[in-house]
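What follows is a short report on a single structure.
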Amino acid sequence: MKEQSKLLIIIVLYKKQLLESSTYQSLKKACYDLKEPVNVLVYDNSPAACPHPIENEQNILITHLHDQLNSGLCKAYNTGIDTAKEKDLDWLLLLDQDTFIPSDYLNVFYNTEPIIAANDVVCAVPKVLAPGGSQIISPIKIYFGAIFRTYKNVKAGVLAEKITGINSGTFLSVKYIDELGGFDSRFSLDMLDHWYFSEIAAANRRVFLLDATIYHNLSVNSFENEVSLDRYARILDSEKIFSKKNVFSYLVFKLRLLKRLIEQRSYKEKEFFYMTLKNLI
């Protein structure tokens, strides 16, 4: 087993204090019985910083950074890369603020590390479910670089298929992301996860599915209720950039917009519909 200090955990906050985060509360339990402490970078994108400094918990060494400009996930993760390199750490664990991880989650990763190292794995992911377990969020199979299909049955181990997933709960090799030049700044918030999974797939690098399940609240599951118009505009911009990697991806993007347009006809806020229509035509 590798030393547990080889891991940097990044928690990105937005308008939520760390102690109110379900991610942090579940992480404390996951760190409780570790043999060595882990480094945690709390990157706060809130307009105002947390008014009270957070003291280190058992086995958790916290660095708290406040970014009042709300620079997004990419800046937070690239800060994590720089921090990990300074501390000579091997892996990042990316976590949003509304994720629940089981108490054995870190130990599952540490116990799997010998297999991960032997298979030259650059990314390890859990099975991610929506709260209540009614929906599988991640991982998702990719066909032709653009079509996504949810797994029905998948076993832990090195994944043969090319996949995508979500940021939260994902372990990434610091060395591999650094070789890519860091996280792509074109995707400051949305589509960043799809970007690095597509890079991994294109390079035929390996992804490992951990024998673990986490739960995550995905805000984009409900555009009208949880996504602002400004955020949707940024989502559309990111989707457009990502889709232009080839003609097929761009065609699939347009078809997705058409499907979304049909769904948005019933929205009370009609601006969603018009924004999608503008990008479709």
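The values are calculated or read from the model by the stated rules, or taken from the named source; none is laboratory data. This structure is a prediction, so every number in the text was calculated from the model and none was measured. A quick note on method: Cβ atoms are made from the backbone with ideal geometry, for glycine too, and the neighbour counts reach across all protein chains shown. Remember, those area values only see protein heavy atoms, side chains included, never the ligands or the DNA or RNA. Shrake-Rupley method; radii C 1.70, N 1.55, O 1.52, S 1.80 Å.
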Working with all protein chains in place, sort F273, F144 by solvent-accessible area computed with a 1.4 Å probe, largest first. F144, F273
Length gained if V247 through E271 is fully extended, taking 0.36 nm per residue and subtracting the Cα-Cα distance, is 5.8 nm
So how much accessible area does R205 have, in Å² to the nearest 10, using a 1.4 Å probe? 70 Å²
When each of K35/K87; K16/K152; K16/K245 is checked by Cα-Cα distance, pairs over 24 Å: K16/K152; K16/K245
Backbone N within the range 252-281 under 19 Å of label point (7 Å from Q135 Cα along the Cβ vector): 256-269, 272-273
Restricting things to alpha carbons, find the Rg to Rh ratio for the range 13-152 using the Kirkwood radius for Rh. 0.97
If N is the residue count of the range 11-94, its Cα Rg over 2.2 N^0.38 Å rounds to 1.07
With only alpha-carbon atoms in the gyration tensor, what are the semi-axes of the equivalent ellipsoid for the range 176-281, in Å, largest first? 28, 18, 13
Based on the alpha-carbon gyration tensor of the range 130-216, what equivalent-ellipsoid semi-axes (square roots of 5 times the eigenvalues) come out, in whole Å, largest first? 21, 15, 13
Just want to confirm a number: the relative contact order over the chain, from Cα pairs under 8 angstrom separated by 6+ residues, in percent. 19 percent
Pairwise label distance in nanometres, D230 with D82, each label 7 Å out on the Cα-Cβ vector: 2.4 nm
Hypothetical label at T213: residues of the range 162-191 whose amide nitrogen lies under 18 Å (7 Å Cα-Cβ projection): 166, 169-170
What's the angle, to the nearest 10 degrees (0 to 90), between helix 192-202's Cα axis and the longest principal axis of the chain? 80 degrees
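Report the net charge of residues surrounding V122, where surrounding means a beta-carbon distance below 14 angstrom and charges are Lys +1, Arg +1, Asp -1, Glu -1.
-2
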Quantify how much of the Cα-Cα distance distribution of the chain extends past 32 Å, in percent. 23 percent
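Given +1 on the Cβ of Lys and Arg, -1 on the Cβ of Asp and Glu, and no further charges, what dipole in debye does the range 34-143 carry about its Cα centre, rounded to the nearest 20?
So the dipole magnitude of the range 34-143 works out to roughly 340 debye.
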Normalised by the residues of the range 20-171, what does the relative contact order come to in percent, with Cα pairs under 8 Å and at least six apart? 23 percent
How are the alpha carbon pair distances in the range 174-220 distributed across 5 Å bins from zero to the largest one, expressed in percent? 5, 15, 22, 24, 20, 13, 2
When the Kirkwood hydrodynamic radius is evaluated over all pairs of different C-alpha atoms of the range 147-196, what value in angstrom, to one decimal, is obtained? 12.9 Å
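Provide the net charge surrounding K175, with neighbours chosen by a C-beta distance below 13 Å and charges set as Lys +1, Arg +1, Asp -1, Glu -1.
Details: positive: K6, K85, R205; negative: D88, D90, D120, D178, E179.
Value of the local net charge: -2.
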Please give the contour-minus-distance gain from L255 to S46: 0.36 nm per residue of separation, less the Cα-Cα distance, rounded to one decimal in nm. 71.7 nm
